[in-house]
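Only one structure is covered here, and it is reproduced in the block below.
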Amino acid sequence: MLNEDRIELMTKMAAYENRQGKKDISVNSYFRGDYISFQVLKSALYATVGFALAVAMYILYDLEGFLTDFYKMDIAEFVKDIGVKYGIVLVVYLLLSYFIYAYRFGRAKKHIKKYVSQLKELEELYEWE
């Protein structure tokens, strides 16, 4: 005999598994600190690559002017200025990444908890029959 409550619950669970569930289950396989650390480390790598590209584009935009001023400028001061800007960008980006990934981890844990409770409810529906 078909049980409508059981079918409805199984449909909701299958829809969750096919959409958001895959991401949540992969996040759930990590400890909180490990997940956030890994994501922040990836963000640091991406921020570094992005900053390097931005500096390269800035230099290439006015390459002729940069090359004429290159011998007049203090190279150490230029590198220090770039380093300070990189540090600021990196700190802001990493803080933002930390909060975003901490939120995502918490949300995934909440969804997994709800999914597990639905599994228990489904098991109870099977035992009831």
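Throughout, read-outs are computed from the coordinates displayed, never taken from laboratory work. Note that this is a predicted model, so its numbers are computed, not measured. Here Cβ is always computed from backbone atoms with ideal geometry, including for glycine, and neighbour counts include all displayed protein chains.
Summary table
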{"quantity": "Sequence ranges 102-110, 83-91, ranked by mean other-Cβ count within 10 angstrom, highest first", "calculated": "102-110, 83-91"}
{"quantity": "Candidate lysines - alpha carbon under 22 Å from LYS72, same-chain residues fewer than 8 apart omitted", "calculated": "LYS80, LYS85"}
{"quantity": "Straight-distance crosslink candidates among aspartates and glutamates, where the alpha carbon sits under 16 Å from LYS109 and sequence neighbours closer than 8 are dropped", "calculated": "GLU17, ASP24, ASP34"}
{"quantity": "Calculated Kirkwood radius over Cα pairs in Å (choose from (i) 19.0; (ii) 15.9; (iii) 20.3), label", "calculated": "(i)"}
{"quantity": "Nearest-20 debye value, the chain charge dipole, Cβ charges on Lys, Arg, Asp, Glu", "calculated": "240"}
{"quantity": "Sites matching trypsin sites (Lys or Arg not before Pro) across region 2-84 that sit in DSSP coil, with at most 16 neighbouring C-beta atoms within 10 Å", "calculated": "LYS72"}
{"quantity": "Approximate spin-label separation LYS85-TYR58, in nm, with each point projected 7 Å along Cα-to-Cβ", "calculated": "0.1"}
{"quantity": "Inter-probe distance in nm under a simple model that places probes 7 Å from Cα toward Cβ, at LEU9 and LEU41", "calculated": "4.0"}
{"quantity": "Rg/Rh (Cα only; Kirkwood hydrodynamic radius) as it applies to region 31-103", "calculated": "1.16"}
{"quantity": "Using a Förster distance of 41 Å, the FRET efficiency for TYR103-GLU123 (Cβ separation, nearest 0.05)", "calculated": "0.85"}
